[in-house]
Amino acid sequence: MSYIPKVVLPPTPSAADLLRTYKLPALRRFAQNFLLDPRATSKFVACAGNIENKLVVEVGPGPGGITRQLFEHGAARVAAIEKDIRLFPALQTLSNAVDSRLRLYLGDILDFNIESVLPDDITTQHGSWESDESSSCSPIHLLGNLPFNIAIPLLIRWLKQVSTRSGPFSFGYRIPITICMQEAVAGRIVSDPLMDQRGRLSIIFQNWFDCRVKHVFSGRAFVPAANVNVAVIQLIPLKRPLVEVSYDLLDKVTRVAFHTRNKKMGTTIAALFQEETRDDDTRELLHRAHLKSDTMCLTLATEEFGQLAQIYGDIISRPRPTHEQLDQKINRNELTFELGETYVRPEKIK
Ligand code: SAM
């Protein structure tokens, strides 16, 4: 990609002017809380780090306040995906001012294939995922001040793609992500063991990402004002996940473990197994993970949860004896209760 210097845009109406000119009230159904003050939009873009000469994929540009700052901070190109068609004339004004380096797409980011809008010069040059530079050299940055209600579904979509190196993450770059969300939800993502907000989100995101809160805006920074504080969170995919485990397994184990907070592991994770084998399977899982049954899930490190999920996957993928085989074993008095003996029909054991 050729170098494109930082630009000072020709006089262009501000995002606030554009909203007035095009008579665009913020719509609740699109969860629109705009960042219009240039100091705030500049602060948001600064949280992304170095975007010079990069392609920024912006989710929900609204009237373009952040979009404009992206160019002023040196972005080479912006691909903006917006669901509200009313905003396109305002965004087109900005696109004209930057010689079409702003590409606009009407769509819902939750089913939009970002890779389909990446230009050939990016998709044909693969990065080396495990190199130190893979995230700083990523020619792409994903970013947006988007509605609170889509932040987690979107991040989970990207997390699954990171875990399988698919979608926009299939080109070998650890693409940084910078987005806004409620401060309380961001807190759940970045929390360490023993912290109040520690939970499923902390474990699943920290297994695949370096997660940091870069800034917190007061709700009053938005138009209309948001009724909570809003955090700018940055997620950078790790070179390797802390534990190699599938998203589905880690999600299942953490959902069950944190279903009732502060309960002991022995009680909570038992729900992972079928009734017939529950006691033995739970005992085996705890034993192999070197955990005591009274360990509180809030104390576990992300790696420990990853290992728990790996072992759980191993236990449930093992071939199980059928009821008939088990009955025969019981009749022959061969049933033992060692760890790993997985299929016991309690009603047969007297
Ligand atoms: N980024 C702009 C700003 O800071 O002023 C707008 C922020 S507003 C919180 C969220 C924007 O995302 C709105 O413009 C809204 O129309 C758009 N949006 C809402 N749901 C979306 C979706 N599923 N896909 C793409 N854009 C969406």
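Of note:
- The trypsin sites (Lys or Arg not before Pro) of segment 8-98 that meet both conditions, a loop assignment by DSSP and at most 15 other Cβ atoms within 10 Å of the site Cβ, are 23.
- 0 to 90° range, to nearest 10: angle between helix 88-97 axis and the chain longest Cα axis: 60
- Helical contribution to [θ] at 222 nm, DSSP H n ≥ 4, -39,500 (n - 2.57), averaged over the chain, rounded to 500: -10000 deg cm²/dmol
- Counting every C-alpha pair in the chain, the share spaced more than 32 angstrom apart comes to 42%.
- Spin-label pair residue 108-residue 53: with each label point 7 Å from Cα along the Cα-Cβ axis, the two points sit 3.9 nm from one another.
- Residues in segment 60-79 reached by a label modelled at residue 22 [backbone nitrogen below 15 Å; 7 Å Cα→Cβ]: 60-68
- Within segment 128-191, the GluC sites (Glu not before Pro) that combine a DSSP coil assignment with at most 14 other C-beta atoms in a 10 angstrom radius are 130.
- Taking the chain and dividing mean pair separation by its residue count, relative contact order in percent (alpha carbons under 8 Å, at least six apart): 14
- Net length available on complete extension from residue 244 to residue 125 is 40.2 nm, with 0.36 nm assigned per residue and the Cα-Cα distance removed.
- Normalised contact order of segment 247-317, rounded percent, pairs of Cα under 8 Å and 6 or more residues apart: 39
- The angle between the Cα long axis of helix 278-288 and the longest principal axis of the Cα atoms of the chain comes to about 70 degrees, rounded to the nearest 10.
- For segment 274-307, applying the loop criterion from DSSP together with a ceiling of 13 other beta carbons within 10 Å to the trypsin sites (Lys or Arg not before Pro) yields 292.
- Beta bridges from DSSP with both residues in segment 15-237: antiparallel share about 50 percent, rounded to the nearest 5.
- Theoretical FRET efficiency, 1/(1+(r/R0)^6), r = Cβ-Cβ of residue 283 and residue 210, R0 51 Å, to 0.05: 0.90
- Efficiency of FRET from Cβ geometry, residue 275 and residue 227, R₀ 35 Å, rounded to 0.05: 0.20
Rule-based calculations on the coordinates, nothing more; no lab input. As the structure is a computational prediction, the values presented were derived from the model and not from experiment. Because the Cβ atoms are built from the backbone with ideal geometry, glycine has one as well, and the counts that use them run over all protein chains shown.
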